[in-house]
Every structure is written in structure tokens, then in C-alpha cells.
């Protein structure tokens, strides 16, 4: 699989098969992604990978705690700006509407939407859950570095026939996750990533989010005419 094929076939997978992914497959994906660039070669990412009983213990606790505190431990950072302007607000709204349409959950079906959202905290059934941390002293440039690591990881996963779903929603369970993996205090949870084999039959995986055309986000100057 070449890079273009990996990019075109990568989606945020929201239904996985329970087929296990062995450590010998996960290791080269995590290691290979570290070829991602970072300013000053800081390599600010820190990864914790959970599978098997370790993952199930965490999911069970989150499931139980969600009954009393559905919003989790509270966010340590704002995932979206408080006043999301256009065209970003419209894109986010359409993404949500298109997602729920794939599984026939109407806009006024609050319970149905809540139940689907809860699947985030089951890693959508994936057999591997990854957690990406970075040092609290880092700033926006290093957050961007972590994004490049994540993209590299997701493309390498496709090379191995796997799919992923990056999930900033896991940041709202930072204390609960920390109780299971015991990261150093100076690390902050940025996101989780579901990793596994996609359930090709799941309707929700039929979602293909739209992308803006090149002319909407890029200007090319000084090139010789074709």
C-alpha cells in the first residue's frame, strides 16, 4: 500500500472486530511513527498501549463511573473553541449529522445519540487502546508535533491492514485512565486512539466525511503556467 492509498482509505473507524492485534504488530507501528518530524527533535509524544485484561479493566471502570459522572473527570483542555465560527461550525455540525444518519439515529433521538457517544469509551470494540500524552510544559508547536506523530501512526496502521479512530474525547477521563497506567504527573492526556480490524459490515463505517476543495484552503503563487 502506498501513501496515497493509505490516506484515501484511512477513516475514523467506529466499529471494530474483536480479532486481537498482537504486540509484534503494534510495536513497529508505534516505533515507525516516531519518524514524524518535531521541532528541535523534541519528540514530545508518550504512548501507552493497552490490550487484553489491562484494557478491559479500564473500560469496565469507565463504564461503571459513567453511571454517576457521565461527563467524566472534566477536561484539562478545550477540544473546540468556545465560539466556533464559520465555516468550522458548519463542518462540525454536518459531520455529526452525517454520522448519525448512517445508523438511523434522528436528531431528536437524544438517548440514541448518547448511547452512540458512549461507544467512544468502549474504543468502539477495538482490541487495542492507545493513549497519547505530552508534557504539560509543552506549547502549541509541540501539540502540532504530536499531531504529526498520530497521522504517521494511522497511516502505518493502514499498511498493516488495520484501522484507527483518534479520540480526543478520552481526555475527559484523564484521571481514571491515569489510575490504570500511572503516567508521571508532568504528563497530560491528549487523546486516545482505537486500533484494530474494521468491521466492514457495520453501517457506521460507511461514513466518508467531506473535504474542502483545494481552492478553498490553498493559494498557489509564482508557478509557471502549464
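The values are calculated or read from the model by the stated rules, or taken from the named source; none is laboratory data. Keep in mind the model is a prediction, meaning the values are calculated, not measured. With ideal geometry, Cβ positions are generated from the backbone for all residues, glycine too; neighbour counts draw on all protein chains shown.
Taken together, the residues in the range 70-124 that are modelled with pLDDT of 90 or more, touching a helix residue (DSSP H, G or I) at 6+ places or on another chain (Cβ under 6 Å) and farther than 30 Å from residue 188 by Cα amount to 1. Could we say that residue 60 is free of Cβ contacts under 8 Å to residues at least 24 places away in the same chain and either part of a helix (DSSP H, G or I) or on the phi > 0 side of the Ramachandran plot (or both) here? Spelling it out, residue 60 is indeed free of Cβ contacts under 8 Å to residues at least 24 places away in the same chain and either part of a helix (DSSP H, G or I) or on the phi > 0 side of the Ramachandran plot (or both). Take the conditions surrounded by 12 or more Cβ atoms within 10 Å (Cβ to Cβ), modelled with pLDDT under 95 and either assigned to a strand (DSSP E or B) or under 19 Å from the mean Cα position of the chain (by Cα) (or both) and apply them to residue 32. Does it pass? When the stated conditions are applied, residue 32 does not pass them.
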